[in-house]
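The values are calculated or read from the model by the stated rules, or taken from the named source; none is laboratory data. Predicted model only: the values in this text are computed from it and were never measured. Note that each Cβ is placed from the backbone with ideal geometry, even for glycine, and that neighbours are counted across all protein chains shown.
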Amino acid sequence: MARYFITGGGTGGHIYPAIAVADALSKNGDEILYVGNPKNLEFEIVKQKGYKFLDVNVHGMPRRADFALIKWGVELSFAVLKACYYILKYKPDAVFGTGGYVSAPALISAKILGIPFMMHDCDAQPGLVTRKLAPSAKAVSVAFECACELINNKNCYVNGNPVRSEFKTLTKEQAREKLGLENKLTLCIMGGSQGAKSINDAAVQLLKQLDMQIVFQTGKKNFDRVIEQLLKVYPDYENNKSLIVKPYFDDMATVLKASDIAVSRSGSLSISEICASGIAPIFVPYPHAAGDHQRKNAKFMVEKGAGIYIEDAEINEKTLCDAINSVIVNLDKLQRNTFVIAKFDGVEKIVEQLNKIKK
């Protein structure tokens, strides 16, 4: 039995791949200790899973060179010292991190103390932590093949993002039955757990016009606003059995597997789950993502013939309607191309590579 530190947090794109790997290692009988920020989403998820949580207090790096940057540097230094203490106390055989600021203290500490570590980066444009620490890693896993070109490590593997087992096993018919939908053309509209105002505003104006089944995730903080708008343009929307509007779906695997087309932000995890579902995407990249990685993710997919994208500033009722019609015309081709990109064995490959680098 080996002992692993798993680290990554802040957003689902960092947390869920880390949890997927932790679960696989745990099933093999290995011991998992999770290093993260107790104020972030990872804390609740890790506690639900029952893994021991080792807290570090660290936040994202300020972009401007002012007092906030100095304060952050002091905070990071203390977090690294605390992570060093954890390593000396628990003596892990290896550390696995999914990039982002939350993983930095444990990965830096592993480098300082000579503990082998592996990293996974989920975006087409690798993040700052990945780029800086990759040369010292025993192995680096990436979701997109183009990311390898930007990483200075000879042991760079294109594994894809780990996805949940439901994406492999659930059929479209089963997914639609679970949602109470018929077996016909289905559109998913989503902007992440918090929603996306630009996508929501454009979609509301179209819901009454589209002749298809629609599953609309508004985001928790935007739900009331969307319903208020929707009642103005489509007051009897609740009588439409082909329309499901909710603030959030806990089971996105069922939603995506039930769908043929998705309107979505272009975070890496969303892309991986869209590809695993074999559906045709319309991407609306979040314009303020770090390193502009969402736009780069979307452009990668477009270059592969696996989607189209609309700039956030340009999405409205007309551009979204035109995009949906364009996707319908090319539906089979786009669905085939997304499914070709899907990688279902990412977890297994990462676990295999971790087993090779451990002490």
### Top-ranked residue in segment 314-351 [being in a helix (DSSP H, G or I) and among the acidic types (Asp, Glu); ranked as nearest to the chain's Cα centre (by Cα)]
348
### Query
For segment 296-313, does any single residue satisfy the condition of being of a type outside the set (D, E, K, R), assigned to a strand (DSSP E or B) and touching a residue at least 40 places away in the same chain (Cβ under 8 Å)?
yes
### Query
Does residue 107 satisfy being in contact with a strand residue (DSSP E or B) (Cβ under 6 Å, 6 or more places away or on another chain) and either exposed (fewer than 15 other Cβ atoms within 10 Å of the Cβ) or assigned to a loop (DSSP other than H, G, I, E, B) (or both)?
no
### Query
Does residue 75 fit the bill of being of a type in the set (Asp, Glu), more than 14 Å from residue 10 (Cβ to Cβ) and surrounded by fewer than 19 Cβ atoms within 10 Å (Cβ to Cβ)?
yes
#### Entry: Failed item, numbered, when residue 235 is tested on (1) touching a residue at least 12 places away in the same chain (Cβ under 8 Å); (2) outside any helix (DSSP H, G or I); (3) surrounded by fewer than 20 Cβ atoms within 10 Å (Cβ to Cβ)
(1)
### Query
Hey, any hits in segment 123-141 for a residue that's modelled with pLDDT of 90 or more, part of a loop (DSSP other than H, G, I, E, B) and surrounded by fewer than 16 Cβ atoms within 10 Å (Cβ to Cβ)?
no
### Message
I need the full set of residues from segment 90-104 which are more than 11 Å from residue 5 (Cβ to Cβ) and either assigned to a helix (DSSP H, G or I) or modelled with pLDDT under 90 (or both), in order please.
### Response
99, 100, 101, 102, 104
#### Entry: Test set (1) within 17 Å of the chain's Cα centre (by Cα); (2) more than 26 Å from residue 347 (Cβ to Cβ); (3) part of a loop (DSSP other than H, G, I, E, B) - residue 189 fails condition number
(3)
### Selection from segment 305-359 of residues that are of a type in the set (D, E, K, R) and touching a strand residue (DSSP E or B) at 6+ places or on another chain (Cβ under 6 Å)
358
### Message
When you check residue 230 against the structure, is it surrounded by 22 or more Cβ atoms within 10 Å (Cβ to Cβ), within 16 Å of residue 191 (Cβ to Cβ), more than 16 Å from the chain's Cα centre (by Cα) and aliphatic (A, V, I, L, M), yes or no?
### Response
yes
### Answer from 256, 269, 230 - the residue that is in a helix (DSSP H, G or I), modelled with pLDDT of 90 or more and within 28 Å of residue 45 (Cβ to Cβ)
256
#### Entry: Members of segment 48-72 found to be in contact (Cβ under 8 Å) with a residue 12 or more places away in the chain and surrounded by 14 or more Cβ atoms within 10 Å (Cβ to Cβ), listed by number
49, 51, 53, 54, 55, 56, 58, 59, 61, 72
### Query
Which is under 30 Å from residue 251 (Cβ atoms) and outside any loop (DSSP other than H, G, I, E, B), of 53, 78?
53
### Task
Have a look at 279, 310, 271, 261 and point out the one that is surrounded by 18 or more Cβ atoms within 10 Å (Cβ to Cβ), closer than 18 Å to residue 197 by Cα and aliphatic (A, V, I, L, M).
310
### Query
Given the conditions (1) surrounded by fewer than 24 Cβ atoms within 10 Å (Cβ to Cβ); (2) under 20 Å from residue 122 (Cα atoms), which single one is not true for residue 190?
(1)
### Message
Quick test of your reading of the structure: residue 359 fulfils all but one of (1) modelled with pLDDT under 95; (2) exposed (fewer than 14 other Cβ atoms within 10 Å of the Cβ); (3) assigned to a helix (DSSP H, G or I). Name the failing condition by number.
### Response
(3)
### Query
Among the listed residues 45, 32, 87, 115, which satisfies the condition of being farther than 16 Å from residue 351 by Cβ, among the β-branched types (Val, Ile, Thr), crowded, with 17+ Cβ neighbours inside 10 Å and free of Cβ contacts under 8 Å to residues at least 40 places away in the same chain?
45
### Query
If you scan segment 142-156, which residues turn out to be part of a helix (DSSP H, G or I) and in contact (Cβ under 8 Å) with a residue 24 or more places away in the chain?
146, 147, 150
#### Entry: Per-region count, segment 44-98, residues among the polar types (S, T, N, Q) and farther than 21 Å from residue 112 by Cα
1
### Message
I'd like to know if segment 199-222 contains one or more residues that are in a strand (DSSP E or B), over 22 Å from residue 306 (Cβ atoms) and basic (Lys, Arg).
### Response
no
